[in-house]
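One structure below.
The values are calculated or read from the model by the stated rules, or taken from the named source; none is laboratory data. None of these values were measured; they are calculated from a predicted model. Cβ: placed from backbone, ideal geometry, glycine included. Neighbour counts: every protein chain shown. Side chains included, ligands, DNA and RNA excluded: accessible areas come from the protein's heavy atoms. Shrake-Rupley method; radii C 1.70, N 1.55, O 1.52, S 1.80 Å.
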Amino acid sequence: MTDTLRHPPAPRPVTGSAVRFEKIRHRFGATTVIDTLDLTIEGGELVALLGPSGCGKSTLLRILAGLQPQTGGTVTIGGEPVDGLSPRQRGVGIVFQNYALFPHMRVLANVAYGLEANGMKRAAAERRAMTMLERVRMDAFATRHPRELSGGQQQRVALARTLAVEPRILLLDEPFAALDKSLRLDMQIEIRRLQRELNITTIMVTHDQEEAMSMADRVAVLHQGRLEQFAAPTDLYDRPATPFVAGFVGTANLLAARLVVRGEQLAARIGEHGWLALARPACDPGVRAGLARLDAAAQRDVGIPVLLAVRPEQWEARDAASAPDASDERLTATVQLVLPLGPTLLTEASLGDALPIKLTAPRGAGGACRAGDRIVLRIRPDATIRIFAAPAAG
Ligand SMILES: Nc1ncnc2c1ncn2[C@@H]1O[C@H](COP(=O)(O)OP(=O)(O)O)[C@@H](O)[C@H]1O
Ligand SMILES: [Mg+2]
């Protein structure tokens, strides 16, 4: 083994863009798993790769780590292409969901292992390992064996072992998936604290949108091997770029509708069920272009096929019996289910054919209703509604 491999250069802190995926493609056999993906991650960021199971998150992480050579495209770390370099040469440390520690080694030896493998003398390696164990608050367990630790404690040791060799980039693949809920929260806080302290660029894979939203500086939403959106958590929620993001991040009611102009205002016809006035529409460029093209008569009569994404908290519901009957700009639905969820009340209401509409309101805000009640739905006047072009038929 050459000297540089035994003693990899001390990792330089990464500044500027830490990781860049350029036109990354990956196929397993005939199946395309990553499809021409571009993504740039800045130094010191914690980025979550979020998406449903099977969308290609782990594959992307393994490509970055050097564990899986990609079919096409280039990965750069700290501005330098790393294609063809081993994981160690890339300065990348990875923690998996079930990162098996060496069962026959005590905690301290587990953490010191990578340092000794890099050529560090045992005494020095153990001193450094102890420092890392202090960092993850596991120094009191240094002489235990992994089987004498809880899952969360084992995961902290795995983290200490990965961080001990000072990777430039920390990769976490569903690191909390095997932990129960309260432990998961502790670990999430712990990782966030460490990540800030060490200012280490971190990429975390998760299918749990709450975890991504609460931990990450920015979230990359993947769907079927494509990047749907890369943005800060609040931007994803407030300005989803696609119907998929609207539905996957938080809850959204996706309603097929026809966009029309009624008077001076935009409104949406929801099939035969009624109308919604849209005071604050946020239309896709495609929808805006469609609106500009159609003449007034066509807009009124036919409308533009769209998909509305309405958050549960963006609805306003009133009892149909007490609602003034005047305008036909109303959408009437039948309550199916009312669930008290802590401080909020979740109501599911049916329009008949489509999926039930979900709406939430603070509990005790009045207007509580029961299954079978008829209610009138409106969009809250202050709510901005995302309007997407309807997917092409077929
Ligand atoms: N070694 C492999 N050989 C063949 N197919 C694979 C292999 N690894 C993953 N896949 C497939 O690639 C797709 C993406 O997998 P993966 O990146 O593990 O998804 P995720 O981590 O988002 O759940 C899945 O359809 C999976 O079945
Ligand atoms: Mg995975």
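If I stretch the segment between Ala123 and Arg380 completely, what's the gain in nm (0.36 nm per residue apart, minus their alpha carbon distance), one decimal? List each step's numbers first, then the result.
On the way: separation 257, 0.36 × 257 = 92.52 nm, distance 6.56 nm.
The span from Ala123 to Arg380 would gain 86.0 nm if fully extended.
Treat each spin label as a single point 7 Å out from the Cα along the C-beta direction, and report the Asn98 to Gln224 distance in nm.
3.1
What is the calculated FRET efficiency for Val302 to Leu185, with r their C-beta to C-beta distance and R₀ = 51 Å, to the nearest 0.05?
Details: r = 51 Å, r/R0 = 0.99.
The calculated FRET efficiency here is 0.50.
Using Cα centres only, tell me the gap between the range 160-216 and the range 41-70 in whole Å.
Answer, in whole Å: 14.
What are the membrane-span-like helices in the chain by this rule: whole DSSP H runs, Cα extent along the axis at least 24 Å, mean Kyte-Doolittle hydropathy at least -1.0?
Working: long enough: 181-198 (26 Å, -0.78).
Long hydrophobic helices here: 181-198.
Leaving out same-chain residues fewer than 8 places away, which aspartates and glutamates sit with a Cα under 16 Å from that of Lys23?
Cα-Cα hits under 16 Å: Asp35, Asp38, Glu80, Asp83, Glu228.
If you roll a 1.4 Å probe over the chain with all protein chains in place, what percent of the accessible area is carbon or sulfur?
Numbers: 10040 of 19310 Å².
Its accessible area is 52 percent carbon and sulfur atoms.
Please give the net charge around Ala160, taking every other residue with its beta carbon less than 14 angstrom from that of Ala160, where Lys and Arg add +1 and Asp and Glu add -1.
Details: positive: Arg106, Arg127, Arg128, Arg135, Arg137, Arg144, Arg156, Arg161, Arg193; negative: Glu126, Glu134, Asp139, Glu166, Glu190, Glu197.
Result for the local shell: +3.
With a point put 7 Å past each Cα toward its Cβ, work out how far Ser214 is from Arg370 in nm, to one decimal.
Label-label distance for Ser214 and Arg370, simple model: 3.6 nm.
Using r as the Cβ-Cβ distance of Thr71 and Thr332, and R0 as 30 Å, what FRET efficiency do you calculate, to the nearest 0.05? Walk me through the numbers before you get to the answer.
On the way: r = 52 Å, r/R0 = 1.75.
Given R0 = 30 Å and the Cβ-Cβ separation, E is 0.05.
How big is the gap, in Å, between the Cα center of the range 98-121 and the Cα center of the range 330-389?
About 55 Å separates the Cα centre of the range 98-121 from the one of the range 330-389.
What does the charge dipole of the chain about its Cα centre add up to, to the nearest 20 debye, if the Cβ of each Lys and Arg holds +1 and the Cβ of each Asp and Glu holds -1?
Details: 47 positive and 42 negative charges, 198 e Å.
Computed charge dipole of the chain: roughly 940 debye.
Once Rh for the range 251-389 is found with the Kirkwood sum over Cα pairs, what is the Stokes-Einstein diffusion coefficient at 25 °C and 0.890 mPa s, in µm²/s? Don't skip to the end; give the middle numbers.
Working: Rh = 15.5 Å.
For these conditions, the coefficient is 159 µm²/s.
Rg/Rh for the chain: what does it come to with C-alpha atoms and Rh from Kirkwood?
Details: Rg = 26.1 Å, Rh = 24.1 Å.
Radius of gyration relative to Kirkwood radius: 1.08.
What's the long-distance tail for the range 58-173, i.e. % of Cα pairs beyond 21 Å? If you can, show how the numbers build up before the last one.
Working: 2668 of 6670 pairs.
More than 21 Å apart: 40 percent of the Cα pairs in the range 58-173.
Gain in length, Asp35 to Ser322, computed as 0.36 nm per residue apart minus the alpha-carbon separation, to one decimal in nm?
Details: separation 287, 0.36 × 287 = 103.32 nm, distance 5.29 nm.
The span from Asp35 to Ser322 would gain 98.0 nm if fully extended.
Given a 10 angstrom Cα cut-off, can you work out which residue in Arg168, Arg288, Arg239 is the most mobile in a GNM of the chain?
Residue with maximal mean-square fluctuation among Arg168, Arg288, Arg239: Arg288.
What's the extension gain from Thr344 to Ala279 if we count 0.36 nm per residue and subtract their Cα-Cα distance?
Working: separation 65, 0.36 × 65 = 23.40 nm, distance 2.50 nm.
Gain in length upon complete extension: 20.9 nm.
With the other protein chains left in place, how much accessible area per residue, in square angstrom, belongs to the chain at a 1.4 angstrom probe? Display every interim value, and only then the final one.
Values: 19310 Å² over 394 residues.
Here the per-residue accessible area is 49 Å².
Would you work out which of Val221, Ala109, Val261 lies farthest towards the positive end of the dipole of the chain, given +1 charges on the beta-carbon of Lys and Arg and -1 on that of Asp and Glu, about the Cα centre?
Result: Ala109.
In the neighborhood of Thr384, defined by Cβ-to-Cβ distances under 11 Å, what is the net charge if each Lys or Arg adds +1 and each Asp or Glu adds -1? Intermediate values should be presented prior to the final figure.
On the way: positive: Arg239, Arg280, Arg311, Arg380, Arg386; negative: Asp238, Asp382.
Cβ neighbours under 11 Å give a net charge of +3.
What FRET efficiency comes out for the pair Met105/Asp238, r = Cβ-Cβ distance, R0 = 45 Å, nearest 0.05? Write down the numbers at each step before the final one.
On the way: r = 48 Å, r/R0 = 1.07.
Here the calculated transfer efficiency is 0.40.
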